[in-house]
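The values are calculated or read from the model by the stated rules, or taken from the named source; none is laboratory data. From a predicted model like this one, the values you see are computed outputs, not experimental measurements. Methodologically, a virtual Cβ is constructed for each residue, glycine included, from the backbone with ideal geometry; neighbour enumeration extends over all protein chains shown.
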Amino acid sequence: MDKIKSIIRKPAAVCIVAAVIILLAVAVPEITAARIDDAEGYGDIFTDVKKIFFYHNDNNFFTTLAPAKKLRVIKRVKIKSEPVSEDRSTDRDSEYRIIIEDNSENKFVLSVSGDFTEMWIDDNDTYKISLAAGEMKVDEGRAASFTYSVRNPKVLKSLFPEDE
């Protein structure tokens, strides 16, 4: 016990203990963060990707047929591991959409709030996207995901640079 007391009295030891506490405080939130492809029931939508469409409201502002680079950016998005809402309705307000099409032509719609702080995956048999180019039906058979809080909204926003 005397050794511990003597260590605590030394300024260097106090600095080390403080540094460890600060590192733990910073690391704990990262432990509770999940990646976007950890959204319940949707881990597979980022495999076998053929095209990615980017929409602001109903306006497509670009499509990529070589999605690897954009897919890497999308996969860097971190969400809180617990959803902020268990609402699975298709009438949630989103300003941005990222539509991911795989080689089997299944389409998954990643919906993003206007401030890029919330996201969810709209993907069920009743969801259709009506656009000027026609109607786009998404993959059937899965319920829409819960709404997740985005921990690094700047990453999502970087996918829409021309919209700034």
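A quick yes/no check of all residues on (1) modelled with pLDDT of 85 or more; (2) closer than 15 Å to LEU110 by Cβ; (3) aromatic (Phe, Trp, Tyr):
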{"residue": "PRO29", "(1), (2), (3)": "no, no, no"}
{"residue": "ALA33", "(1), (2), (3)": "no, no, no"}
{"residue": "GLU40", "(1), (2), (3)": "no, yes, no"}
{"residue": "ILE45", "(1), (2), (3)": "no, yes, no"}
{"residue": "THR63", "(1), (2), (3)": "yes, yes, no"}
{"residue": "LYS80", "(1), (2), (3)": "yes, no, no"}
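Output the number of residues of region 103-122 satisfying the condition of being acidic (Asp, Glu) and modelled with pLDDT of 85 or more. Don't jump to the end; show me each part of the working.
In the first step, residues of region 103-122 are kept if they are acidic (Asp, Glu); the result is 105, 115, 118, 122.
Applying the additional criterion that residues be modelled with pLDDT of 85 or more yields 115, 118.
Here the count works out to 2.
Suppose we keep only residues that are in a strand (DSSP E or B), aliphatic (A, V, I, L, M) and touching a helix residue (DSSP H, G or I) at 6+ places or on another chain (Cβ under 9 Å) within region 56-111. Which one would you say is farthest from LYS157 (Cα to Cα)?
Of region 56-111, the ones in a strand (DSSP E or B) are 56, 59-64, 78-80, 85, 96-102, 107-111.
If we keep only those that are aliphatic (A, V, I, L, M) as well, we get 79, 98-100, 109-110.
Right, trim to touching a helix residue (DSSP H, G or I) at 6+ places or on another chain (Cβ under 9 Å) and you get 79, 98, 100, 110.
Numbers: ILE79: 14, ILE98: 12, ILE100: 17, LEU110: 13 Å.
Across region 56-111, the extreme among qualifying residues is ILE100.
Just the residues that are over 14 Å from VAL112 (Cβ atoms), aliphatic (A, V, I, L, M) and surrounded by 14 or more Cβ atoms within 10 Å (Cβ to Cβ), please, taken from region 55-77.
LEU71
Working only within region 49-69, note down all residues that are among the aromatic types (Phe, Trp, Tyr) and touching a Leu at 6+ places or on another chain (Cβ under 9 Å).
Within region 49-69, PHE54, TYR55 qualify.
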